[in-house]
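Quick notes on the structure that follows.
Values quoted throughout were computed directly from the atomic coordinates according to the rules given, and no laboratory measurement underlies them. Keep in mind the model is a prediction, meaning the values are calculated, not measured. Because the Cβ atoms are built from the backbone with ideal geometry, glycine has one as well, and the counts that use them run over all protein chains shown.
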Ligand code: SAM
Ligand code: SF4
């Protein structure tokens, strides 16, 4: 019996793929182990979105391949986006890597491992395969409450900075019956929250079913549970999606709608496919239909040519929209993308300064936005107990953590009504209705 160890970096979709790899190997007589030292095969599923992620992974691979000193039979494989992007280059950087399988060729991991077992060597595989990994066994997160289902792979957009369309290839939507079945199984196993995943979930289209219809079909699965989805592209945000969200209490009032920049000029240079006005109109429509909506976004600072005015426009946008929170990244040139051909002309120090300024704005805004929750009563999902302080932890549909006084009445997996008593930064504090005062 061969033992394998798996590590996953990057987005939730990589976690999902890693679980698919696990299933494929287990179905063929391999057993997963939790320490690389105990493995015959070590596989790392990688991310290429920013250079920093790749550098960290290369360092990690150097550490993992050193295990061969004690276990010369050990095979080390790299799969996913970095393998797809770098191909044979990985072996040049880390010569003791045995296996390189790109994100579009993941099923090739199994035959490549079998070839290695026969003593053959394997060339990097990056040619796209027309079949995909088996879906993972329906599995909940560490707290046994949440499940994730990839509904669409790849991306048909061509944002100037982004490597994803290269590494993941064009969009392929899964059959709606497969998606609904998987969500249903998660719910039957006790999932209280299921998140539909994709680089661009709202361009989903399969067997005549579009994204709003898929939401309706998943949302019809009975039980007390919540449905979320991420990531949505502003251009594909159909009014029907917002209407479904507004009409179905099952759909969490949370929308992650990456804008990337508040500068009209840069949105164009980024090839984002929408204007600032179209983005703001999508935000307004969503907020009008779903007054309780929490809105989050992604931002990039230091894109080539970003001037102080462009950056000021991003800050102004953030103040105007008043996001519940956002993720901000320093621009990282990715070889092969359109932006990488431009001069990376914002210095690392200036990128850092802009990032720090944005995070400062975020802290203030999140605090202000969250103050508006004080005094409100919201439905929360009890998630567990804070190991350090012993408080109860719960989450609203808006994806906000609410800290509750611990009591035996708090059962992880149960929904209850909680009144918010105070807000600090990103965290809300509250008490179950008719219960002890808040911590
Ligand atoms: N498909 C989603 C979208 O369009 O927003 C997410 C894709 S990407 C994996 C997640 C985020 O990483 C992006 O929203 C963007 O802010 C950031 N990102 C992508 N490429 C980047 C780059 N070259 N440098 C810095 N940040 C980047
Ligand atoms: Fe990358 Fe743009 Fe596609 Fe998102 S929509 S994955 S940022 S190319």
For the stretch 237-302, state what percent of all Cα-Cα pairs lands in each successive 10 Å bin, counting from 0 Å until the bin that includes the largest distance. 20, 49, 25, 6
What Kirkwood hydrodynamic radius, in Å, does the stretch 168-241 give when the mean of 1/r is taken over all pairs of distinct Cα atoms and then inverted? 12.8 Å
Quick one: Cα convex hull volume of the stretch 92-163, Å³ per residue? 195 Å³
What share of Cα pairs, in percent, lie more than 28 angstrom apart in the stretch 113-264? 29 percent
Helix-only estimate, please: 222 nm mean residue ellipticity of the chain, summing -39500 (n - 2.57) across DSSP H runs of length 4 or more and dividing by its residues, to the nearest 500. -10000 deg cm²/dmol
Calculated diffusion of the stretch 14-144, Stokes-Einstein form, Kirkwood radius summed over Cα pairs, 25 °C and 0.890 mPa s, µm²/s: 163 µm²/s
For the stretch 160-304, what proportion of DSSP beta bridges, expressed in % and rounded to the nearest 5, is antiparallel? 15 percent
I need the P(r) histogram for the stretch 230-269: all alpha carbon pairs, bin width 10 Å from 0 out to the longest distance, whole percents. 25, 44, 22, 8
On the first, second and third principal axes, largest extent first, how far apart are the outermost C-alpha atoms of the chain in Å? 67, 54, 47
Take every Cα pair under 8 Å in the stretch 349-439 that's 6+ residues apart, average their separations, divide by the length, and report that relative contact order as a whole percent. 29 percent
Which distance in nm do the two modelled labels at residue 117 and residue 178 give, with both placed 7 Å along the Cα-to-Cβ direction? 2.5 nm
Extension reserve of the residue 142-residue 243 stretch, reckoned as 0.36 nm per residue once the Cα distance is removed: 33.1 nm
Compute a Gaussian network model of the chain, connecting alpha carbons closer than 10 Å, and tell me which residue from 348, 170, 135 fluctuates the most. 348
Calculate how steeply helix 308-321 sits against the longest principal axis of the alpha-carbon atoms of the chain, using the helix alpha-carbon long axis, and give the answer as 0 to 90 degrees to the nearest 10. 60 degrees
Based on the Kirkwood radius over alpha-carbon pairs, what value in µm²/s does the Stokes-Einstein equation return for the translational diffusion coefficient of the stretch 184-306 at 25 °C and 0.890 mPa s? 159 µm²/s
The chain, Gaussian network, Cα under 10 Å: of 374, 78, 49, the residue fluctuating most is 374
Just to be sure I follow: if Rg is taken over the C-alpha atoms of the stretch 38-111 and Rh is the Kirkwood radius over the same atoms, what is Rg/Rh? 0.95
Nearest 10 degrees, 0 to 90: what angle lies between the long axis of helix 51-65 and the longest principal axis of the chain (Cα atoms)? 50 degrees
On the first, second and third principal axes, largest extent first, how far apart are the outermost C-alpha atoms of the stretch 283-439 in Å? 59, 36, 25
How do 181, 428 line up, fewest other C-beta atoms within 10 Å first? 181, 428
In a GNM of the chain with a 10 Å cut-off on Cα contacts, which of 120, 417, 182 has the highest mean-square fluctuation? 120
Likely footprinting exposure, 82, 1, fewest C-beta neighbours within 10 Å first: 1, 82
For the residues 162, 315, what sequence is obtained by ranking on other C-beta atoms within 10 Å, fewest first? 315, 162
Give me the compactness ratio for the stretch 360-421, meaning the Cα radius of gyration over 2.2 N^0.38 Å. 1.17
Once both axes come from the Cα atoms, what is the angle between helix 276-289 and the longest principal axis of the chain, in degrees from 0 to 90, rounded to 10? 60 degrees
